[in-house]
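For reference, the structure is listed below as structure tokens.
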Amino acid sequence: MLKKERQSFILHQVNLHNKVLSVDLSQQMGVSEDTIRRDLNEMAKLGKLIKAHGGALSKSFHLSIASDHVYALDSKKRIATKACRLIKDGMFILTSGGTTIIELAKSLPPELTATFITVSLPAAYEYIHHPNIEVIFIGDKISKNSQISIGGSVVSRIQGIRADLCFTGTNAIDTKHGITDNDWEVVEVKKAMVESSDRVASLSISEKLNTAQRIKVCGISNIQTLVTELDPGDELLQPYHTAGIEVI
């Protein structure tokens, strides 16, 4: 694989999953980790991504509060509009982090009255501008990678909640592994959210369907609803219909 092709693949993966590990990129492309590190260093110097220990972070994700340069923004806006249909007045709703969740926060109808509980700083920033919803931010140590609160006290406080609905931003999802991620501390928070909610809705652009990361958030049976930008009848979504998931 030529350097230009490698770096194009790396940029796509980092924008898709927000964070990538050098060891995973090495295995996916069949090149050495030294080669990957050189590529990441070069791309970081060119401002294409943010170099991090063991891998890289998406520059577009980390500028998402102030920038419109979000990966697959149109798809995420469509997902947000669809997801709003699941919300009813009076609900207690848990939300994780990620750019799709931020678009959901921006899309909430102004007449909605509900309580939103979040660990995401960018999402909380959007929620507080809504005229009628109550906002509860669960804070502690902030993960710079994911821009959410993490740690044992966050997990404990979430476990004390009984939410009507959980919207989880999705790093990867397939019918075999369920929802997976690549950050242990983020996974612990998402697990607590799933366990504390009567209904779980996974928000995912179609490129993340049928992909898997290293750490499991929950099995496919823990997900009641999948929201993508695709038409529900799209062939790519058939395995999720078969698994008994409501597809929107």
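If you plug the beta carbon distance of PHE9 and THR242 into 1/(1 + (r/R0)^6) with R0 = 25 Å, you get a FRET efficiency near 0.25.
Computed from Cα atoms, the angle from the helix 33-45 axis to the main principal axis of the chain rounds to 70 degrees.
Taken over the C-alpha atoms, segment 13-113 has Rg and Dmax values of 17.4, 54 angstrom. Segment 89-248 has equivalent-ellipsoid semi-axes of 24, 19, 14 Å, by the square roots of 5 times the alpha carbon gyration tensor eigenvalues, sorted largest first.
Distances over 13 Å make up what percent of all Cα-Cα pairs in segment 193-248? Walk me through the numbers before you get to the answer.
On the way: 937 of 1540 pairs.
Distances greater than 13 Å cover 61 percent of the Cα pairs.
For the chain, the mean residue ellipticity at 222 nm estimated from helices alone is -10500 deg cm²/dmol, where every DSSP H run of n ≥ 4 contributes -39500 (n - 2.57) and the total is divided by all residues, rounded to the nearest 500.
Only four residue types carry charge here, +1 at the Cβ of Lys and Arg and -1 at the Cβ of Asp and Glu. Report the dipole size of the chain about the Cα centre in Debye, rounded to the nearest 20. Kindly include the intermediate steps, with their values, before the conclusion.
Numbers: 28 positive and 28 negative charges, 130 e Å.
Dipole of the chain, to the nearest 20 debye: 620 debye.
Of the cross-linked pairs LYS106/LYS144; LYS76/LYS216; LYS3/LYS190; LYS48/LYS77; LYS144/LYS216; LYS48/LYS176, those separated by over 25 Å at the C-alpha level are LYS3/LYS190; LYS48/LYS176. Between GLN159 and THR113, the C-beta separation translates, for a Förster distance of 30 Å, into a calculated FRET efficiency of about 0.70. Per residue, the convex hull spanned by the alpha carbons of segment 127-216 comes to 118 Å³.
Rule-based calculations on the coordinates, nothing more; no lab input. Worth saying up front: this structure is predicted, and the values here are computed from it rather than measured. Note that each Cβ is placed from the backbone with ideal geometry, even for glycine, and that neighbours are counted across all protein chains shown.
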